[in-house]
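Q: Here's a structure for you.
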Amino acid sequence: MKKALSAVALAAAAVLALAGCTDSAAGPSSAPSDGSGSDDMRTVRVAALPIAETGALWAAIDEGIFEKHGIAVEVVPAQGGAQAIPALLSGDIQFAIGQPFGPFRADLQDLGVAIIGDYASAQPTGRDVNAVVSLPDSGITDPADLAGKRVSVNSLGAAGDVTIMKAVEDAGGDPSTIQFVEVAFPDVQAQLEAGNIDAGWVPDPFMSQIEAGGGNIVVFPYQAAIPGLDLLTTITTQKLIDSDPELVTDFSAAMSEALDWASGDEDAVRAAIVENMGVPEDVAAGITLPVFTADLDVANLKELADLAVGYGVLEKAPDFDRLVQIP
């Protein structure tokens, strides 16, 4: 696999440097008036990608759902779930929302990281939340066309490249010839136009923006590999589960309520995307949202891990009995 382009690596580093900053204001410092939660408002820091899927979290914070559970949330921007693991282990953050490969690898190293719930799942049919895209004149319109090409993902060795390889193989291409390049989602269009990559894997709003400019939707890799895949999970540490089980249980309950609410109020989610990502309202209106749910599908995570082992991305599958800890 190719190393990330230096400019993109710097951009990703800049995103990670924001880990000391907050992306959403913390809630009030007093207990909620309905008496729920503990006597004092507990502040937690949650790492999340600056993408449309995080709209559910931003909107739920504004709605006061976490406050009702006695929790004030600070959202910390991160590039991916794997990059959030060191901050979790150091205690700089208490929870993270990210792809499952970060905790997969952490479990293989016995680092004490746990998945405590789903956050968002891919759409099982129809238009999905992310796609591999290419420019109009690239000649890349089918998954098999990606063989031998430079394809970007936001984090190497994760769900993006694993599901892309599966899609290419199923289409008759050789997945081993793909050159994966790590590029942050907001930088994909510029890297395509500069000719540094041939195709890029992006979620909305970037997917829709590139398509609106005449770009090609080459494949929805999650649907091609594992329809309805758990694309983002909620992550914490076994240490926090053991030391403060009440906080983990209360946060999980708040997250479950937040995701149920978000699934029924897409307008609020889209408004939060506009506010926090600065995208135009018409762009936000056209974004394909995921299935927001805290219900984890362990079977499809095991299938994803098995694919990763088959493609040499993981040495072996994680211990799911240890990794998955639903409060």
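The values are calculated or read from the model by the stated rules, or taken from the named source; none is laboratory data. Values in this document were obtained by computation on a predicted structure and should not be read as measured data. FYI the Cβ positions are ideal-geometry reconstructions off the backbone, even for glycines, and counts take in every protein chain you see. Note: accessible area is taken over every heavy atom of the protein model, side chains too, but ligands, DNA and RNA are not part of it. Shrake-Rupley method; radii C 1.70, N 1.55, O 1.52, S 1.80 Å.
Q: By DSSP, what percent of the beta bridges with both residues in the chain are antiparallel, rounded to the nearest 5?
A: 55
Q: Now for a separate question. Run the paramagnetic zone check for SER243: 7 angstrom along Cα to Cβ, then residues of region 64-103 with backbone nitrogen under 17 Å.
A: Label zone hits: 85-96.
Q: Can you sort THR234, THR43 by solvent-accessible area, 1.4 Å probe, largest first?
A: Values: THR234 5, THR43 80 Å².
My answer, sorted largest first, is THR43, THR234.
Q: Moving to a separate point now. Please compute the modelled spin-label separation between SER90 and ALA299, points set 7 Å along Cα→Cβ, answer in nm with one decimal.
A: Result: 4.1 nm between the two label points.
Q: Set the Förster radius R0 to 41 Å, insert the Cβ-Cβ distance between SER263 and GLU193 as r into 1/(1 + (r/R0)^6), and round the FRET efficiency to 0.05.
A: Using R0 = 41 Å, I get an efficiency of 0.70.
Q: Please work out how much accessible surface ILE116 shows to a 1.4 Å probe, ignoring ligands, DNA and RNA, in Å² rounded to 10.
A: Rounded to the nearest 10, the figure is 10 Å².
Q: Let me ask something else. Which one of ALA56, MET41, VAL219 has its Cα pushed farthest toward the positive end of the charge dipole of the chain, where Lys and Arg give +1 and Asp and Glu give -1 at the Cβ?
A: Sorting the options by dipole projection puts first VAL219.
Q: Continuing with the same structure: When the Karplus curve 6.51 cos²θ - 1.76 cosθ + 1.60 is applied with θ = phi - 60°, which whole-Hz ³J(HN,Hα) does each residue of region 196-203 get, with x for Gly and Pro?
A: Those phi angles translate into 7, 9, 9, 8, x, 9, 9, x Hz.
Q: If R0 is 22 Å, what FRET efficiency do you get for ASP306 and LEU111 from their C-beta distance, rounded to 0.05?
A: 0.55
Q: While we're on this one: Using a 1.4 angstrom probe on the protein heavy atoms only, could you order PHE104, PHE206 from most to least accessible area?
A: Reading off the accessible areas and sorting them downward yields PHE206, PHE104.
Q: Okay, moving on. With every protein chain left in place, what is the accessible area of LYS149 in Å² (1.4 Å probe, nearest 10)?
A: Roughly 70 Å² of LYS149 is accessible to a 1.4 Å probe.
Q: If you take the charge dipole of the chain about its Cα centre, with +1 on Lys and Arg Cβ and -1 on Asp and Glu Cβ, which of GLY264, ILE97, VAL309 is farthest toward its positive end?
A: VAL309
Q: Could you tell me what percent of the accessible area of the chain is made up of carbon and sulfur, with a 1.4 Å probe and every protein chain present?
A: 49
Q: Taking Rh as the Kirkwood radius, which is the inverse of the mean 1/r over Cα pairs, what is the Rg/Rh value for region 87-227?
A: Dividing the radius of gyration by the Kirkwood radius yields 1.00.
Q: Given Cβ point charges of +1 (Lys, Arg) and -1 (Asp, Glu) and nothing else, what value in debye, to the nearest 20, does the dipole of region 48-179 about its Cα centre take?
A: Once rounded to the nearest 20, the dipole reads 120 debye.
Q: Any chance you could look up the accessible area of PHE101 with a 1.4 Å probe, heavy atoms only, rounded to 10 Å²?
A: 0
Q: If you don't mind, there's one more thing I want to ask. Explain nothing, just the number: dipole magnitude of the chain about its Cα centre with +1 on each Lys and Arg Cβ and -1 on each Asp and Glu Cβ, in debye rounded to the nearest 20.
A: Result for the chain is approximately 980 debye, rounded to the nearest 20.
Q: What is the extension gain from ASP174 to ASP321, computed as 0.36 nm multiplied by their sequence separation minus the C-alpha to C-alpha distance, in nm to one decimal?
A: 49.5 nm
Q: Calculated from the structure, semi-axes √(5λ) of the Cα gyration tensor in Å equals which of [x] 32, 22, 17; [y] 52, 36, 20; [z] 58, 24, 16?
A: [x]
Q: At 1.4 Å probe size, with every protein chain present, just tell me what the per residue accessible area of the chain comes to in Å².
A: Per-residue accessible area for the chain comes out at 39 Å².
Q: Could you put LYS302, LYS316 in order of accessible surface area, largest first, with the 1.4 Å probe and the full protein assembly present? Mind dumping the intermediate values first?
A: Numbers: LYS302 95, LYS316 130 Å².
Most to least solvent-accessible, the answer reads LYS316, LYS302.
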